[in-house]
Amino acid sequence: MSQFVYVTYIRTTPKKLWHALTDTEFQRKYWFGMHQECDWTKGSSWKMLFEDGRVADAGTILESDPPHRLVIQWQHELMSELKAEGVSRCTYEIEATGSATKLTVTHVIDAEGSKFIAAVSGGWPSILSSLKSLLETGEAMPADIRPPKKG
Amino acid sequence: MSMDAVFRALADQSRRKLLDRLHNKNGQTLGELCEGLAMSRQAVTKHLRILEEANLVATQKRGREKLHFINPVPINDITERWIGKFERGRLATLSDLKRALEDK
């Protein structure tokens, strides 16, 4: 099994954080320009898309308890090596803790030494820092964390 | 969750060593983390508590075990705040240089 657990404290409310995680326009601001298509109810299909419409990842909502808990069955779709590792499970837990809201992201897959988990674990800290900045200051981190375009 | 707590937690060799061990193998129990270390179990427990309070370590219960995970998000916040700025300046300078050279 491969797993990571990332935690961030954001000065916002659980409701606003849930909205930021599930709203398409909000996602585009902090998720490398990507967005997700889903109606966020249990059993509904879920997709992560690039700006150009290509599907990067796809899956199903396993649990949805707004604004507390969301579990996504998540499979990579583009690179065959990562797709072959099968489905992963991503869990968001949202807890009010005094002045801030605690967001815990747990991502787990059965495969040992998973390349998928290694790949997504590198992206999450930037996404979470940007989400925090967006909710606390109204501005996302500049998107220069993306690889530069060939010019 | 203050940045002071993050810097204080990182300003100790033993705690950095524990983070290195979690970086090499994530999701370890206290027992696993103590293996081969010249530190008492109590000292490791104390260091882990400081790391957890600084949000550099996150824990999860699995059955009766408590697993420790490295949480790089606060370090990324610091990177974005202190290094991102300089990086952006450097990238802008490089783009300007490229434009100036190519225009000749």
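The values are calculated or read from the model by the stated rules, or taken from the named source; none is laboratory data. Because the structure is a prediction, the values reported are computed rather than measured. Methodologically, a virtual Cβ is constructed for each residue, glycine included, from the backbone with ideal geometry; neighbour enumeration extends over all protein chains shown. What goes into the accessible areas is simple: the full protein's heavy atoms, side chains included, and nothing from ligands, DNA or RNA. Shrake-Rupley method; radii C 1.70, N 1.55, O 1.52, S 1.80 Å.
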**Prompt:** To the nearest 0.05, what FRET efficiency results for B:ASP12 and B:GLU65 with a Förster distance of 25 Å applied to their C-beta separation?
**Reply:** 0.45
**Request:** Kindly provide the pair-distance distribution of chain A built from C-alpha pairs, with 10 Å bins from 0 and whole-percent values in order of increasing distance.
**Result:** 11, 41, 38, 9, 1
**Request:** Run the numbers on the range B:24-63: which residues show a drop of 10 Å² or more in accessible area, chain on its own versus all protein chains together, using a 1.4 Å probe over heavy atoms?
**Result:** B:ASN26, B:ASN55, B:ALA58, B:GLN60, B:ARG62
**Asked** How big is the A/B interface in buried accessible area, both sides summed, 1.4 Å probe, to the nearest 100 Å²?
**Response** 1500 Å²
**Complete:** With the charge dipole of chain A built from beta-carbon charges (+1 for Lys and Arg, -1 for Asp and Glu) about the Cα centre, the Cα from A:THR12, A:LEU82, A:VAL71 projecting farthest to the positive end belongs to A:THR12
**Request:** With the Cα gyration tensor of the protein assembly as shown in hand, convert its eigenvalues to equivalent ellipsoid semi-axes via √(5λ) and list them largest first in whole Å.
**Result:** 30, 25, 19
**Message:** Apply the Karplus curve 6.51 cos²θ - 1.76 cosθ + 1.60, θ = phi - 60°, to the phi angles in the range A:18-28 and return the couplings in whole Hz, x for Gly and Pro.
**Reply:** 4, 4, 5, 6, 10, 8, 4, 5, 5, 4, 4
**Asked** In a solvent-free Debye calculation with one equal scatterer on each Cα, what is log10 I(q)/I(0) for chain B at q = 0.15 Å⁻¹, listed in the order of the q values?
**Response** -0.66
**Alpha carbon centroid spacing (whole Å) that separates the range A:11-89 from the range B:1-76** = 29 Å
**Request:** Averaging sequence separations of C-alpha pairs under 8 Å and six or more residues apart, then dividing by the length of chain A, give the relative contact order as a whole percent.
**Result:** 28 percent
**Item:** 1.4 Å probe, heavy atoms, protein only - residues of the range A:4-24 losing at least 20 Å² accessible area vs chain alone
**Value:** A:VAL5, A:TYR6, A:VAL7, A:TYR9
**Asked** In debye to the nearest 20, how big a dipole does the protein assembly as shown give about its Cα centre with +1 on each Lys and Arg Cβ and -1 on each Asp and Glu Cβ?
**Response** 620 debye
**Gain upon complete extension [B:ARG49, B:ARG81; 0.36 nm per residue less C-alpha separation]** = 9.0 nm
**Request:** Can you find, among A:ALA100, A:VAL120, A:TRP46, the residue farthest towards the positive end of the dipole of the range A:2-137? Put +1 on the C-beta of Lys and Arg, -1 on that of Asp and Glu.
**Result:** A:ALA100
**Request:** First compute the accessible area of the range A:2-137 with a 1.4 Å probe, then give the percent of it belonging to carbon and sulfur atoms.
**Result:** 50 percent
**Item:** the range A:78-146: GluC sites (Glu not before Pro) in DSSP loop, at most 12 other beta carbons within 10 Å
**Value:** A:GLU112, A:GLU139
**Peptides A:32-42, B:93-103, A:123-133 ordered by average Cβ neighbours within 10 Å, highest first** = A:123-133, A:32-42, B:93-103
**Prompt:** Given +1 on the Cβ of Lys and Arg, -1 on the Cβ of Asp and Glu, and no further charges, what dipole in debye does chain B carry about its Cα centre, rounded to the nearest 20?
**Reply:** 240 debye
**Asked** If amide H atoms are built 1.01 Å from N in the plane of the peptide, which residues on other chains or at least 5 residues away come under 5 Å of the amide H of B:ASN71?
**Response** B:VAL57, B:ALA58
**Prompt:** Averaged per residue, what accessible area in Å² does the protein assembly as shown show with a 1.4 Å probe, protein chains only?
**Reply:** 56 Å²
